[in-house]
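A.B. asks: Shown below is the structure under consideration.
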Amino acid sequence: MLYRETIRTGKRDEMIDITRRVEALVWREGRFDGIALVYCPHTTAGIAINENADPDVKRDVLMRLDEVYPWEHPKYRHAEGNTAAHLKAITTGTSQTVIVAEGRLLLGRWQGIYFCEFDGPREREFCVKIVKG
């Protein structure tokens, strides 16, 4: 089953925990084993799995991405002016695959699934493909 979810971001750079939304879609499918593929169809946003217990981790990740990929750089040539967002999205990646065991996401104790916005605020979309088996 393929689900398309809309998400509204509020900042230029942010990591929004979407774990509960993905879990809800998996639970909708019932008790099964398989995978859930979470995909971002945007070139300036991505999907990541990381710690969801300490909010400072998100802050530190976004801070470091800004240091590595500054918003303004004298050698950037992209006309839209959002080269840094493209670089951050490439680094983060467009998707994450999570094992589903007995209808539950097989995430570690401190792990969460994040929609990573790098060119917001915007209305965005992410997709979840659930494969049983």
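The values are calculated or read from the model by the stated rules, or taken from the named source; none is laboratory data. On a predicted model such as this, the values are computed, not experimentally measured, just so you know. Note that we place each Cβ from the backbone using ideal geometry, even for glycine, and neighbour counts take in every protein chain shown.
A.B. asks: I want to confirm something. Restricting to region 1-38 and keeping residues that are surrounded by 19 or more Cβ atoms within 10 Å (Cβ to Cβ) and either touching a helix residue (DSSP H, G or I) at 6+ places or on another chain (Cβ under 7 Å) or of a type in the set (Ser, Thr, Tyr) (or both), which single residue is nearest to GLU67 (Cα to Cα)?
C.D. replies: ASP13
A.B. asks: Additional query: Can you find even one residue in region 112-125 that is charged (D, E, K, R), crowded, with 19+ Cβ neighbours inside 10 Å and touching a Phe, Trp or Tyr at 6+ places or on another chain (Cβ under 8 Å)?
C.D. replies: Scanning region 112-125 turns up at least one residue that is charged (D, E, K, R), crowded, with 19+ Cβ neighbours inside 10 Å and touching a Phe, Trp or Tyr at 6+ places or on another chain (Cβ under 8 Å).
A.B. asks: Quick one: what pairs do we get from region 43-60, first residue of a type in the set (Ser, Thr, Tyr), second crowded, with 18+ Cβ neighbours inside 10 Å, C-beta under 7 Å, 6+ apart or different chains?
C.D. replies: Correct list of pairs: THR43/ALA89; THR44/ASN82; THR44/ALA85; THR44/ALA89; THR44/PHE118; THR44/ASP119.
A.B. asks: Turning to a different aspect of this structure: Using the structure shown, decide if ALA84 is within 27 Å of LEU2 (Cα to Cα), surrounded by 15 or more Cβ atoms within 10 Å (Cβ to Cβ) and not basic (Lys, Arg).
C.D. replies: Taking the combined requirement at face value, the residue does not satisfy it.
A.B. asks: Please enumerate the residues belonging to region 80-124 that are at positive phi and either acidic (Asp, Glu) or in contact with a Gly (Cβ under 7 Å, 6 or more places away or on another chain) (or both).
C.D. replies: GLY93, GLU102, GLY103
A.B. asks: Any idea which of ALA84, ALA48 is touching a Pro at 6+ places or on another chain (Cβ under 9 Å) and either over 13 Å from MET15 (Cβ atoms) or of a type in the set (A, V, I, L, M) (or both)?
C.D. replies: Matching residue, one of ALA84, ALA48: ALA84.
A.B. asks: Could you run through region 39-76 and say how many residues are buried (at least 18 other Cβ atoms within 10 Å of the Cβ) and farther than 30 Å from GLY103 by Cα?
C.D. replies: 5
A.B. asks: What are the pairs with Cβ atoms under 6 angstrom where one residue, in region 73-87, is without any contact (Cβ under 8 Å) to a residue 24 or more places away in the chain and the other, located anywhere, is assigned to a loop (DSSP other than H, G, I, E, B) and crowded, with 18+ Cβ neighbours inside 10 Å? Sequence gap at least six, or different chains.
C.D. replies: From residues that are without any contact (Cβ under 8 Å) to a residue 24 or more places away in the chain, the pairs are LEU87/TYR69.
A.B. asks: Right, here's the next one. Among the strands (runs of 3 or more DSSP E) contained in region 84-133, which hold 3 or more residues that are at pLDDT 95 or above, closer than 26 Å to ASP66 by Cα and not small (Gly, Ala, Ser)?
C.D. replies: Fully inside region 84-133 and qualifying: 111-117, 123-132.
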